[in-house]
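The values are calculated or read from the model by the stated rules, or taken from the named source; none is laboratory data. Quantities reported herein were computed from a predicted structural model and do not represent experimental measurements. Please note: Cβ atoms are built from the backbone with ideal geometry, for glycine as well, and neighbour counts cover all protein chains shown.
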Amino acid sequence: MSNPIYESAYTKAGLIESMSPREYRLLRRQHKLIGETLGNCRGYISANVAIIPKEVALEFFLFCQRNPKPCTPMDVTDPGNPEPIRVAPGADLRTDLGRYYVYKYGELIDEPTDITDYWRDDLVSFVMGASPSWHYVLSDAKLQYTFVGAYVTNIQTIPAGPFKGPMVVGCRVFNDALDAIRAIQITSRYVLCNGAPVHIGDPSIIGIDISKPVVCLEGNPHLRPLQPGQVPVFWAVGPTVQTVAVAAKLDLLVMHVPGWNLATDIHLEQVALF
C-alpha cells in the first residue's frame, strides 16, 4: 500500500469496516490510513485517550469514577508505558491514533500525527470507551436519525482535584419517538461507551442552542430547527474530558483529536450489560 487511504466520517470503504483492530492500528502507525474513525473495525470498541502526568493521575481517575457517563476508563497504563496492554496489546499510544492535541498549561501548542517527541517517563494514559463504538448497532436496528454535533451543557461534572467543568454531549436527532426510545434501550447496554443518554427533548433545559454545536461534522447540512415529531437525544461524550483537562492547565496534556480514536481489541458485546 503506497498511498494513504483517506476516510470520511460517514463513508467508509468496506475494508475499513472489516479490518481487525490490530491491522487498523498498524496502518495508522505507518500513516497509511488517514481520517476520522467512525465506522472502522465493526463490532469493536473505539476509545478516547487522555495522557497526563503521574502526579495528577489519581485525581483524574477519581474524576472518572465520579463522572462515568463521559469517561469510563477501560485501561490505565503504568507511568511511561505507551502500551494499553489490557485493551490493545501491541498498540502504541504515541503513534496509533494518527492525530493528537498537545497542550501545555491549557494552551494548544501542537497537533502532531504522533507524540514520540513529547513522550515522558511520568505520563499515564487513560483509555475510555466512546459512543462511536455503537454506531453500527443503531444502523443495524434501522433507526432514522442524524448526528448534529457536540455541545457544552449547563450540567456540571463532579470535581476531583483540578478537574472540573461542564459536561459535553453529542446530539442525535431521531425522526420519531419510537426510534428515540429504541436507541435509548440499545445504548443503555454499553455503559463503557457512554451508555444511556443524559437528556431527551428540549435542548434549552440543558443550556443548548441546537444550531450552535462546538463540534460539527464538516459540511453537516442538518443544523436546522427541529421539525414536528423529531426527538433530540443527548449522550455524554469524550470531549468532556478534554474540556476539564485543558481547564486544569497541566504542564503537559495529550488528547486524541475528536473522531480520531483508538481501535481496541475489545468486542462491544463482551462488555454489554445484557
Mind telling me which of the residues 97, 138 ends up being hydrophobic (A, V, I, L, M, F, W, C) and over 21 Å from residue 257 (Cα atoms)?
138
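Anything in region 190-212 that is within 26 Å of residue 268 (Cβ to Cβ) and either modelled with pLDDT under 95 or under 17 Å from the mean Cα position of the chain (by Cα) (or both)? List them, or say none. Don't jump to the end; show me each part of the working.
So the first thing to find is which residues in region 190-212 are within 26 Å of residue 268 (Cβ to Cβ), and the list is 190-200.
Answer for region 190-212, where residues must be within 26 Å of residue 268 (Cβ to Cβ) and either modelled with pLDDT under 95 or under 17 Å from the mean Cα position of the chain (by Cα) (or both): 190, 191, 192, 193, 194, 195, 196, 197, 198.
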Of the residues in region 180-210, those that are in contact with a Gly (Cβ under 8 Å, 6 or more places away or on another chain) and part of a helix (DSSP H, G or I) come to 187, 192, 193
Any residue in region 145-166 that is among the hydroxyl-bearing types (Ser, Thr, Tyr), within 21 Å of residue 36 (Cα to Cα) and either part of a loop (DSSP other than H, G, I, E, B) or within 17 Å of the chain's Cα centre (by Cα) (or both)?
yes
Within region 200-214, identify whether any single residue is surrounded by 15 or more Cβ atoms within 10 Å (Cβ to Cβ) and over 19 Å from residue 146 (Cα atoms), and answer yes or no.
yes
Which residues, taken from region 62-107, are at pLDDT 95 or above, of a type in the set (A, V, I, L, M, F, W, C) and in contact with a strand residue (DSSP E or B) (Cβ under 6 Å, 6 or more places away or on another chain)?
62, 63, 64, 74, 76, 87, 88, 93, 102
Quick one: what pairs do we get from region 241-255, first residue in contact (Cβ under 8 Å) with a residue 60 or more places away in the chain and within 18 Å of residue 80 (Cβ to Cβ), second of a type in the set (Ser, Thr, Tyr) and assigned to a helix (DSSP H, G or I), C-beta under 8 Å, 6+ apart or different chains?
252/118; 254/118
If you scan region 85-122, which residues turn out to be assigned to a strand (DSSP E or B), surrounded by 15 or more Cβ atoms within 10 Å (Cβ to Cβ) and either free of Cβ contacts under 8 Å to residues at least 24 places away in the same chain or touching a helix residue (DSSP H, G or I) at 6+ places or on another chain (Cβ under 7 Å) (or both)?
102, 103
Inside region 43-83, can you point out the residues that are over 11 Å from residue 124 (Cβ atoms), more than 16 Å from the chain's Cα centre (by Cα) and either not aromatic (Phe, Trp, Tyr) or not in a helix (DSSP H, G or I) (or both)?
59, 62, 65, 66, 83
